[in-house]
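Some notes on the structure that comes next.
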Amino acid sequence: ADLRVERRFVPESCPRAVRPGDFVRYHYLGAFPDGTRFDSSYDRGSTFNVFVGKGQLIAGMDKALVGMCVNERRFVKIPPKLAYGSEGVSGVIPPNAVLHFDVLLVDLWNLEDEVQVQTYFKPEKCPRTVQVSDFVRYHYNGTFLDGTLFDSSHNRMRTYDTYVGIGWLIPGMDQGLLGMCVGEKRIITIPPFLAYGEEGDGKDIPGQASLVFDVVLLDLHNPKDGIAIENQQVPESCERRSQAGDFLRYHYNGTLLDGTLFDSSYSRNHTYDTYVGKGYVIAGMDEGLLGVCTGEKRRIIIPPHLGYGEEGRGKIPGSAVLVFDVHVVDFHNPSDSVSITVNYKPANCTVLSKKGDYLKYHYNASLLDGTLLDSTHSLGKTYNIVLGSGQVVVGMDMGLQDMCVGERRRVVIPPHLGYGEDGVEGEVPGSAVLVFDIELLELVSGLPEGYMFVWNGEVSPNLFEEIDQNHDGEVLLEEFSEYIQAQVDSGKGKLAPGFDFEKIVKNMFTNQDRDGNGKVTAEEFKLKDQEAKEEHDEL
């Protein structure tokens, strides 16, 4: 009847209060009415741990603890009849002593308790939840029921990585992580018999302590997982899909499962260029890039055993699931040749382009993904070349063969027949497949291979004398040039089209000036068919 309880501090939140049969952990100061202290749990450095309502305490304390909340502080006055009575405790409590206790409750649980899970954030999308035998990576703050922090993965700046449901964790955590989504945040409250029990962990966690873990799940996979592919955008037209041995150029953003960006080709403003199916990239990417179309966008999710494994790499932590959002820019195979598609051919198409012909054509040049590189239309003038003379890349020389005036065709050139691995700085990326849409506008037939000048009629038997205008027995470059020009102007001779007149004439003159003295004599002067005959006779 004389038991008095004064509630000196009551927390705002009190989800649970002590009931008979509960197990409690509390600190206390025990004193007599005159203030003399007779006992203190603080002095021992450990809480008092006991069941309530089971006769393990003096009757007054059994009653005084009922209804208390964790972190509540009570001042309790207990009369002798509810304490140690007329006998007291020898050497400690005198007979008929009134006892004062200043009590702070730090923990509370019951043998019937189970793991409690409170989710306070859940992502909208949750394609997969934690199951037994999954491997997870998570951050946590570990506290006691009174809020005291005993451990934190955040402080170590490293996730806790473990299998779930196979005994690697305390039983309560094994249970509490099941069903979580990546990105989910939950509070897991674990009674001591599902945690570290009566003994604690021997370091930071005392015996019989309830544990509270504030967990955020960052990663989740199973050792049996393969890669997962999500097609985000597939072009309507897909004439070809990548195969092992192909060379790909692609952009990507690389993130962890929780969305943390670890790498991006876009930030470098350069595609990632590699062979696929040959071990040049991680196994999961090697597999994930097979069967793609140019222009396709896909998401490739790679478990760590097909990524960077337990060790990780750079910004990628160990045992991390990787997510690559990939945009395929182009691909080719080293065995590819030039691809030609004729879009229009005139009805009259008898004269076809060949090596040595002088061509004038318009083109639009682009990459396989449609990026425009260059266009003669925008320049307002044609592109003019001598076919087969090395004035354009090998693939274009091949693509312009057997074309007639007015024909339009698309020529696709793999990089080994284009600008190769280096490309053209600032214009054409390295290892890029090129697409040319071409219209041939003019064709001037060239000369037979090896000739820079031919006669349209019979050659004069007195050719040297005709060139030697001053009849001094020597022909200078100026005389030679004037004579060739006159033959071309009169239609008696023809120069190879598309080349500089002066360079051709100088080359012809140098061939005749066999002693290199800047003059051609009658003895030195020979026509091409005469040179061939003499060489044959010598042989």
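The values are calculated or read from the model by the stated rules, or taken from the named source; none is laboratory data. In this text, all values refer to a predicted model and were calculated from it rather than measured experimentally. Cβ: placed from backbone, ideal geometry, glycine included. Neighbour counts: every protein chain shown. Accessible surface areas use protein heavy atoms only, side chains included; no ligands, DNA or RNA. Shrake-Rupley method; radii C 1.70, N 1.55, O 1.52, S 1.80 Å.
Some notes on this structure:
- Computed over the range 4-109: relative contact order in percent, which uses C-alpha pairs under 8 Å that are six or more apart: 37
- Carbon/sulfur fraction of accessible area - the range 116-221, other protein chains in place, 1.4 Å, %: 50
- Normalised convex hull volume, the range 4-109, alpha-carbon set, Å³ per residue: 95
- Carbon + sulfur, % of accessible area of the range 453-532 - ligands and nucleic acids excluded, 1.4 Å: 49
- Mean Cβ neighbour count within 10 Å, used as a protection proxy, ranking 116-126, 356-366 highest first: 356-366, 116-126
- Cα-based reach from residue 81 at 29 Å (exclusive), listing lysines while leaving out same-chain residues under 8 positions away: 54, 63
- Antiparallel DSSP beta bridges within the range 228-332, percent to nearest 5: 100
- The alpha-carbon of residue 224 sits under 20 angstrom from the alpha-carbons of these aspartates and glutamates, leaving out residues fewer than 8 places away in its chain: 134, 161, 174, 286, 287, 310, 311.
- Ranked packing of 228-234, 175-181, most packed first, by mean Cβ within 10 Å: 175-181, 228-234
- Student exercise, the chain dipole from Lys, Arg, Asp, Glu Cβ charges, in Debye to nearest 20: 4220
- Area projected by the alpha carbon convex hull of the range 175-252, averaged over all directions, nm²: 10.0
- Rolling a 1.4 angstrom probe over the protein heavy atoms with all chains in place gives the chain an accessible area of 53 Å² per residue.
- Computed over Cα pairs, the Kirkwood radius of the range 132-278 leads via Stokes-Einstein (1.306 mPa s, 10 °C) to a diffusion coefficient of 85 µm² per second.
- In the range 174-266, the trypsin sites (Lys or Arg not before Pro) that fall in loop regions by DSSP, at most 10 other Cβ within 10 Å: 203, 224
- Structure-derived semi-axes √(5λ) of the Cα gyration tensor in Å: which label, when the choices are [x] 35, 30, 27; [y] 99, 21, 17; [z] 36, 30, 22: [y]
- With the charge dipole of the range 228-332 set up from +1 on Lys and Arg Cβ and -1 on Asp and Glu Cβ about the Cα centre, the Cα lying farthest toward the positive end among the listed residues 306, 327, 270 is that of 270.
- Across 125/185; 381/492; 354/381; 381/494; 492/526; 345/494, pairs whose alpha-carbon gap is larger than 24 Å: 381/492; 381/494; 345/494
- For the range 435-494, dividing the convex hull volume of the Cα atoms by the residue count gives 143 Å³ per residue.
- Relative contact order computed over the range 339-444 (Cα-Cα under 8 Å; 6+ residues apart), in percent: 37
- Span from the the range 177-199 Cα centroid across to the the range 353-402 one, whole angstrom: 69
- Heavy-atom surface analysis with a 1.4 Å probe gives the range 227-272 a carbon and sulfur content of 43 percent of its accessible area.
- Helix content alone sets the calculated 222 nm mean residue ellipticity of the chain: runs of n ≥ 4 DSSP H residues at -39500 (n - 2.57) each, divided across all residues, give -4000 deg cm²/dmol.
- Projecting the Cα atoms of 47, 75, 499 onto the charge dipole of the chain, computed from C-beta unit charges around the Cα centre, puts 75 farthest toward the positive end.
- Dipole-positive endmost among 238, 373, 401 within the chain (Cβ charges, Cα centre): 238
- Relative intensity of the range 228-332 on a log10 scale, I(q)/I(0) at q = 0.10, 0.20 Å⁻¹, equals -0.25, -1.03, per a Debye sum over C-alpha point scatterers of equal strength in the absence of solvent.
- Segments 502-515, 406-419 sorted - mean Cβ within 10 Å per residue, highest first: 406-419, 502-515
- Only Cα pairs under 8 Å and 6+ residues apart enter the sum, and on that basis the relative contact order of the chain stands at 8 percent.
- Comparing the range 339-444 with the 2.2 N^0.38 Å rule of thumb, its C-alpha radius of gyration ratio is 1.03 (two decimals).
- The share of C-alpha pairs in the range 453-532 whose separation exceeds 21 Å stands at 21 percent.
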